[in-house]
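The values are calculated or read from the model by the stated rules, or taken from the named source; none is laboratory data. If you're wondering where the values come from, they're calculated on a predicted model, not measured in any experiment. Don't worry about glycine lacking a Cβ; one is built from the backbone with ideal geometry, like all the others, and counts go over all protein chains shown. Heads up: the accessible areas ignore ligands, DNA and RNA and are worked out on the full protein's heavy atoms, side chains in. Shrake-Rupley method; radii C 1.70, N 1.55, O 1.52, S 1.80 Å.
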Amino acid sequence: MNYDSSIDAALQRLHDEGRYRTFIDIERRKGAYPHAIWRKADGTEKDITVWCGNDYLGMGQHPVVLAAMHEALDATGAGSGGTRNISGTTVYHKRLEAELSDLHGKEAALVFSSAYIANDATLSTLRTIFPGLIIYSDALNHASMIEGIKRGGGLKRIFRHNDIAHLRELLAADDPAAPKLIAFESIYSMDGDFGPIAAICDLADEFNALTYLDEVHAVGMYGPRGGGVAERDGQMHRLDIINGTLGKAFGVFGGYIAASAKMVDAVRSYAPGFIFTTSLPPVIAAGAAASVRHLKTDQALRDRHQAAARTLKLRLKGLGLPLIDHGSHIVPVHVGDPVHCKMLSDMLLEQFGVYVQPINYPTVPKGTERLRFTPSPVHDAAMIEALVQAMDKLWAHCALNRAEMTA
């Protein structure tokens, strides 16, 4: 067996298909986001504007968050020193979980090292807690949910994206006495569309199923206190488990679930992904708690965020670009080819200092490659104008004509 040749062949396939991923080296500057420095391979530097980050509200540089992290760093040092069970639970972790349970109106919350791990660990562990559990999963659920459902074993049903009729058919076809759970998202991050929360909760009530909602791309940004789309729609009390992240709108790092005290206790007691990993550093927990607490009352920041998204979508639509608009803050522009998508991304970066990462397969289906813009409250009118002018020039005048790019 020639292992090197197998590695070479695997990497070459990605290059041949135009979906080999490259990471650019950027340095965020405190107080300057979304401006950053791009450090090129040749050692030179270029000022850029980040248009694809998930620090949706700019909380990664908010003074309240930074002050809390400085305080915790000075008080405790760098790391947590262990797992949550073995010396790794601090007052900072407990404060964070209290803020999160309050945010979602639940009895308890549990913090993980990421929202990916929270989804994977929780969904796989639910099979242990509820033997014979059938999980009904939206076809476009995040990879972390898919992995957790697979890894737990047992029966699963995949319903067509946001298709309530199909979900009803699947639920009705199974044993009424079997334990059931419906797993779905509030905002699907690649198209920016919303899950039908109320309708799914109605089905869960009818078929005695649990509900599991991923609010990763909504917490902090939707609802009067930043509790997500479920809070905005008055549905939080109907959901059994809510998953969220601390690394997007809250601007820090980590993930969590919020649920009843019994549910959280069971997951805490059985999930290997929680039990056998070092807990978040106290400095991270402190910053995240400060961010969650602040956003419960900062509706003005949420309003500015939505205004920036509306403005960018309106301007890009004015250029006639193939924009995917479902009313959320996510702004995808359909390209439809991995090579063209990467080319546009590279030209925006090199010529205009606009950084937007190409989104290719397997993150999205082949033929739906896109540039995914994430405007924020700290993207001002001048930045939006510069982006729109760059897109207009490249879409109209690059070597690939517009018709070819959207084919």
Next item on the list: Would you check which residues across region 168-213 are of a type in the set (A, V, I, L, M) and closer than 30 Å to residue 52 by Cβ and list them?
Entry: 183, 187, 190, 197, 200, 213
Next item on the list: Evaluate the following for residue 303: is it assigned to a helix (DSSP H, G or I), without any contact (Cβ under 8 Å) to a residue 60 or more places away in the chain and surrounded by fewer than 24 Cβ atoms within 10 Å (Cβ to Cβ)?
Entry: yes
Next item on the list: Scan the strands (runs of 3 or more DSSP E) fully inside region 1-114 and keep the ones with 1 or more residues being buried (at least 20 other Cβ atoms within 10 Å of the Cβ).
Entry: 35-39, 45-50, 108-112
Margin query: Here's a check for you: in region 262-282, which residue that is in a helix (DSSP H, G or I) and aromatic (Phe, Trp, Tyr) is most open to solvent (accessible area, probe 1.4 Å)?
Written below: 270
Note to self: Just to be sure before I move on: is residue 329 touching a helix residue (DSSP H, G or I) at 6+ places or on another chain (Cβ under 7 Å), closer than 30 Å to residue 210 by Cβ, buried (at least 17 other Cβ atoms within 10 Å of the Cβ) and touching a residue at least 40 places away in the same chain (Cβ under 8 Å) in the structure I sent?
What the structure shows: yes
Next item on the list: Quick one: count up the residues across region 124-143 that are in a strand (DSSP E or B) and surrounded by fewer than 19 Cβ atoms within 10 Å (Cβ to Cβ).
Entry: 0
Note to self: Can you go through 272, 282 and tell me which one is within 28 Å of residue 65 (Cα to Cα) and of a type outside the set (Ser, Thr, Tyr)?
What the structure shows: 282
Next item on the list: Taking the options 353, 336, 367, name whichever one is of a type in the set (Gly, Ala, Ser) and open to solvent by 20 Å² or more (accessible area, probe 1.4 Å).
Entry: 367
Next item on the list: Assess whether residue 316 counts as being of a type in the set (A, V, I, L, M, F, W, C), under 16 Å from residue 384 (Cα atoms) and surrounded by 22 or more Cβ atoms within 10 Å (Cβ to Cβ).
Entry: yes
Notebook entry, point to check: Within region 345-366, how many residues are over 19 Å from residue 313 (Cα atoms) and either of a type in the set (Lys, Arg) or at pLDDT 90 or above (or both)?
Noted result: 8
Check: Name the residues in region 306-345 that are among the aliphatic types (A, V, I, L, M), in contact with a strand residue (DSSP E or B) (Cβ under 6 Å, 6 or more places away or on another chain), part of a loop (DSSP other than H, G, I, E, B) and closer than 29 Å to residue 224 by Cα, would you?
Finding: 324
Notebook entry, point to check: For region 283-299, which residues satisfy the criterion of being under 15 Å from residue 227 (Cα atoms) and open to solvent by 10 Å² or more (accessible area, probe 1.4 Å)?
Noted result: 293, 294, 296, 297, 298, 299
Next item on the list: Please specify each residue of region 207-249 satisfying the condition of being among the aromatic types (Phe, Trp, Tyr) and over 18 Å from residue 138 (Cβ atoms).
Entry: 222
